[in-house]
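The block underneath contains the structure these notes are about, expressed in structure tokens.
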Amino acid sequence: MRVFNIIFKDLKVLLTDKKTLGLLIIMPIILTTILGAALGGTFSSDSDKRAIKIAVVKEYDFAYEKDKFMEFPNNNFLFQNMNQEQLKGLETYMENFSGEFNPEEMFFDGFLDNNDMKKMLQYQVLDLEKAKELLRNNEISSIVILPEDFIYNMYVNFFPLPYRNELDIKIINNPDNYIHSQIIEGIMNSFAETSDISIIGKVTYFETGIDEGIDMMTLSNSEEIIQSFYTIIEEAKVQIEEENVDKQKPLSSIEYYAVAMTAMFILFAAGEGAYLLLEEKDNLTYARMTVAGIPKSLIAIGKYFTIFSFTLMQILVMILYSTLVLGVDWGDKWLVALITLCTTFSIAGLGTMLASMCYKSGNYKMANAFSSILIFLLALIGGSYIPIEVLPKFMHNLSNFIPNGAALKAYNSVMLGDNIIQILPFLLSLIGMGVVFTIIAVYILNTEGGIKNVKYNSAKT
Amino acid sequence: MSLLKVNNLKKYFKEVKAVNGITFDVKKGEVFGLLGPNGAGKSTTISMISTLFNPTSGEITYNGESIVEKPKAIQQKLGVVPQEIALYPTLSGLENLKFWGHAYGLRGSELNKRIEDISQVIGIKDRLKDKIEKYSGGMKRRINIGAALLHKPDLLIMDEPTVGIDPQSRNHILDTVLKLNEEGMTIIYTSHYMEEVEYLCSRISIMDMGEIIASGTQEELVDIIKGQKKINIKLDHVDDTLISIIKTIEYVEKVETHENEMILTTQNGENIFKDLISKTAETESNILSIDIKKPNLEAVFLHLTGKALRD
Ligand SMILES: Nc1ncnc2c1ncn2[C@@H]1O[C@H](COP(=O)(O)OP(=O)(O)OP(=O)(O)O)[C@@H](O)[C@H]1O
Ligand SMILES: [Mg+2]
């Protein structure tokens, strides 16, 4: 087939260009290795070294907030109409509850000291000043602040009544350590969220009860019900732990950079692709192919698959190198393959679109400016230069709709053990972009109007 | 028998009338020359014949079929050597030949055989594995030609294939053209070197400013300035008396002098020598040598346009 010869030739042309090869394949390998090694310490299996160090600052007053919780019925209209006996019962119940359930223990012993968590997280409880000092000296990655009312809110949230307060855990991050910060945020979110889930369960339970007209206090006095709430608390604990076991396998620096570099350098492949058509025109080989009867569509399809194959090769090289040499685990190989295909599809579309634009503009200066600005913007928005979090808020979601951004998130997601449902939005976004880019490319090449810009001889004499 | 016919062909680029109504035909088996100065419209004509440009108006037929309507009619039969190198500079000569062979549908052992033959023809066997960008100008030109020959075209168009190369490569290319023609290939050769066209072509069209100003065999063209001869005379010295006496000789139309040399343009000057020698004898000058130049295409072009083919 003719098209294979064209692709084969285009790839050869691309691969004989040492500069391109260096930039597109060697460079990401080197950068990943250097960045991963410099920022990570990840080569060691020593858990102590690998664990992220944080400080926990307690801004709450345990005893005071516990008392405040015990006062809770006095300030609440739900309990206004209770008789002496009922209030006495409630008090006993709350005493039992607060004796049984200790939010501090739950957070520290149950959550942070959990065996799996300990592998990746080392904490010390400090006051804020001391913690900030350590953060400044890069001795810890983050400070987790358990705010005033943390204990009170935890009691309220877990107490079997239809109330729910925001936990509002604060995190101060070390800006130099992006990955660690992300992990800490992830962990704290998961704690808050998991508490949330069990709390929502609790609220729903009561709402149903009230709807069905069951007397509140009959409910709370019932041994059975009390027991069931202990179970909820137990389950909540279990849930948090479980979630951390299989979800929060942290991304190491090397893993993060392997993905980030791949996502960035495939963009450059698209940028390089931008010159493919223009170069043919300039070399007069475009004209020669036309004379040989090769239609423009075939030439363009050739470029498309050239960029496709090159990008695929780039990603495979990165995956292989980072897996075999750097020990990166990219996660489920079928999902990785799927993401790779979708990513390659969108990059090939992007490259061909750029190629057709540059071809149309007809000169290198324009092509240069155009593709480098676009590629820069995409890399920026996609979080290849700086963490997305630093960008203005409205740009955060934008990264889902550009090829490198969606690819980065999808790969990261699979590394963290997500399944196909969770990465589906990214895949659809990648495919969608590929389709849109390709349509634009076809449109531009069609409006180009015959072969009027093709010259076999330069107009010079 | 005409293989290619061009009828009232025009190509305008906005205001530039690059080709402005030319008509000619190329017969099977001949070497047809398109001679003209820079900017005459030769390459534009060739681009239209090779289906690269659509004509503004006019017809081109190959074997009786319109190639404007049906480009396929000519594409597989045609080999084009473009005026400028149209190759992939970072690929080797061999890789380039392979690709262009593929482009014309050649495969496998057949392709390899053709590459072997062609590299023999263009004389570039030992450097075939080197990258084109490492080649000299002459070698690039040879590959540029070779790429057009792989598929054994019936019609070969060469657009100034010898521009800017060393005399050795040039001679090689000219001989290659003759050899290919002997093997039966029809060739259109454009140039602004009249010696090349004189050496190669059986029939010639002279182009200037988008138009064909004369066509025919070399003899027919020279006939346009029939009888006109240029005579170079070297003397021991030249003075005004001599010049005025020479001017009185019948049939002498023009006298130019360069130091001790006189160039006479004469018409029907069969019997001019007797007068020339006797009249000179009357003066103080002595003739050292006489050289009669046959009229050539350069002279024809000069005669028709009043300007030289090259500056
Ligand atoms: N693509 C183009 N756009 C505009 N003008 C053009 C184009 N191609 C050629 N011309 C103009 O058409 C005229 C004829 O050019 P052409 O290249 O056909 O001449 P040529 O006989 O091949 O000259 P040379 O010997 O220098 O190669 C020139 O004035 C040239 O500037
Ligand atoms: Mg030309």
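The values are calculated or read from the model by the stated rules, or taken from the named source; none is laboratory data. What you see is a predicted model, and the numbers here were worked out from it, not measured in a lab. Note: ideal-geometry Cβ built from the backbone for every residue, glycine included; neighbour counts use all protein chains shown. To get the accessible areas, we keep the full protein, side chains included, count just its heavy atoms, and leave off ligands, DNA and RNA. Shrake-Rupley method; radii C 1.70, N 1.55, O 1.52, S 1.80 Å.
Could you give the nm distance between label points at B:Q168 and A:S297, where each point is 7 Å from its Cα heading toward the beta carbon? For B:Q168 paired with A:S297, the spin-label model returns 4.9 nm.
Pairwise Cα distances in the stretch B:153-273 exceed 23 Å for 53 percent of all pairs. If you sort the three axes of the alpha carbon gyration tensor as a ≥ b ≥ c, you get a/c of 1.5 or more for the stretch A:243-385 and a/b above b/c, which makes it prolate. Exposure check, 1.4 Å probe, all protein chains in place: B:T217 carries approximately 40 Å² of accessible surface. Over chain B, Cα pairs under 8 Å with separation of 6+ residues give a relative contact order of 19 percent.
If you average 1/r over every pair of different alpha-carbon atoms in chain B and take one over that average, what Kirkwood value in Å do you get? Evaluated over chain B, this radius sits at 21.8 Å.
Mean partner shielding of peptide B:51-62, defined as the number of other chain Cβ atoms within 10 Å of each residue Cβ, is 2. Ellipticity at 222 nm from helices only: DSSP H runs of n ≥ 4 in chain B, each -39500 (n - 2.57), divided by the residue count, give -10000 deg cm²/dmol. Counting Cβ atoms of other protein chains within 10 Å of each Cβ in A:13-22 and taking the mean gives 2. Going by Cα centres, the stretch A:417-439 and the stretch B:63-91 are how many Å apart? Answer, in whole Å: 43.
Taking the Cα centre of the stretch B:48-169 as origin and assigning +1 to Lys and Arg Cβ atoms and -1 to Asp and Glu Cβ atoms, the resulting dipole is close to 460 debye.
Heavy atoms only, 1.4 Å probe, whole protein assembly: order A:D329, A:D113 by accessible area, highest first.
Correct descending sequence by accessible area is A:D329, A:D113.
Surface composition of the stretch B:227-294: carbon plus sulfur atoms contribute 47% of the solvent-accessible area (1.4 Å probe, protein chains only, all chains present).
What net charge is computed for the residues neighbouring B:N7, neighbours being all others with C-beta under 13 Å from the C-beta of B:N7, Lys and Arg scored +1, Asp and Glu -1?
0
The stretch B:193-232 and the stretch B:125-191 have Cα centres lying 24 Å from one another.
Here the stretch B:2-221 is treated with +1 on each Lys and Arg Cβ and -1 on each Asp and Glu Cβ, and its dipole about the Cα centre works out to around 820 debye. The convex hull around the C-alpha trace of the stretch B:227-294, projected and averaged over every direction, spans 3.9 square nanometres.
Summarise the accessible area of the stretch A:401-449 (1.4 Å probe, protein heavy atoms) by the percent that is carbon and sulfur. That fraction is 79 percent. Protection proxy ranking for B:41-50, B:74-83, using the average of other Cβ atoms within 10 Å per residue and placing the highest first: B:41-50, B:74-83.
The mean number of Cβ atoms from other chains found within 10 Å of a Cβ in peptide A:279-290 is 5, as a whole number.
Relative contact order for the stretch B:227-294: what percent, with Cα pairs under 8 Å and sequence separation of 6 or more?
Values: 124 pairs, mean separation 33.4, N = 68.
Normalised by residue count, the contact order of the stretch B:227-294 is 49 percent.
Amide H contacts under 5 Å for B:R203: B:V31, B:G33, restricted to partners 5 or more places along the chain or on a different chain, H placed in the peptide plane at 1.01 Å from N. Compute the longest continuous run of chain B that contains no exposed GluC sites (Glu not before Pro); treat a site as exposed when its DSSP state is not H, G, I, E or B and it has at most 13 other Cβ atoms within 10 Å. Within chain B, the longest run free of exposed GluC sites (Glu not before Pro) spans B:70-182. Using a probe of 1.4 Å, the accessible surface attributed to A:H180 totals some 40 Å² when neighbouring protein chains are kept in position. Listed values for the stretch B:184-189 are Karplus-derived 3J(HN,Hα) couplings in whole Hz (6.51 cos²θ - 1.76 cosθ + 1.60, θ = phi - 60°), namely x, 7, 7, 9, 10, 10, and x replaces Gly and Pro. Share of carbon and sulfur in the accessible area of the stretch B:2-221 stands at 48%, probe radius 1.4 Å. Projecting the Cα atoms of B:H237, B:I290, B:T248 onto the dipole axis of the stretch B:227-294, where Lys and Arg carry +1 and Asp and Glu carry -1 at the beta carbon, places B:I290 farthest toward the positive end. Shown in residue order for the stretch A:416-424 are the 3J(HN,Hα) couplings computed by the Karplus curve 6.51 cos²θ - 1.76 cosθ + 1.60 at θ = phi - 60°: 7, x, 5, 9, 4, 4, 5, 9, 3 Hz (x for Gly and Pro).
Among the protein heavy atoms, those of B:C201 account for about 10 Å² of accessible surface (1.4 Å probe, every chain in place). When the pairs B:K28/B:K98; B:K98/B:K125; A:K66/A:K118 are compared against a 20 Å limit on Cα-Cα distance, B:K28/B:K98; A:K66/A:K118 fall above it. Given +1 at the Cβ of Lys and Arg, -1 at the Cβ of Asp and Glu and no other charges, the dipole of the stretch B:227-294 around its Cα centre is 380 debye to the nearest 20. Would you please classify the overall shape of the stretch B:84-191 from the alpha carbon gyration tensor, given that a ≥ b ≥ c denote the square roots of the eigenvalues, rounded means a/c under 1.5, and beyond that prolate means a/b larger than b/c while oblate covers the rest? It is oblate, given that a/c is not under 1.5 and a/b is not larger than b/c. For the pair the stretch A:79-145 / the stretch A:287-358, the C-alpha centres are spaced 51 Å from each other.
Going 7 Å from the Cα of B:E284 toward and past its Cβ, which residues in the stretch B:235-250 have a backbone nitrogen under 18 Å from where you end up? Inside the label zone: B:235-246.
Whole number in Å², please: accessible area per residue of chain B, 1.4 Å probe, ligands, DNA and RNA not counted.
46
Around the amide H of B:A214, modelled in the peptide plane, lie the amide H atoms of B:I206, all under 5 Å away and 5 or more residues distant in sequence or on another chain. Taken across both chains, chains A and B shield about 2700 Å² of accessible surface from a 1.4 Å probe.
Amide H contacts under 5 Å for B:V81: B:I157, B:M158, B:D159, restricted to partners 5 or more places along the chain or on a different chain, H placed in the peptide plane at 1.01 Å from N.
Here the Karplus relation 6.51 cos²θ - 1.76 cosθ + 1.60, evaluated at θ = phi - 60°, turns the backbone of the stretch B:95-104 into coupling constants of 4, 4, 4, 4, 4, 5, x, 4, 4, 9 Hz, with x for every Gly and Pro.
Taking a temperature of 10 °C and a viscosity of 1.306 mPa s, what whole-number D in µm²/s does Stokes-Einstein yield for the stretch B:3-67 with Rh from Kirkwood over alpha carbon pairs?
131
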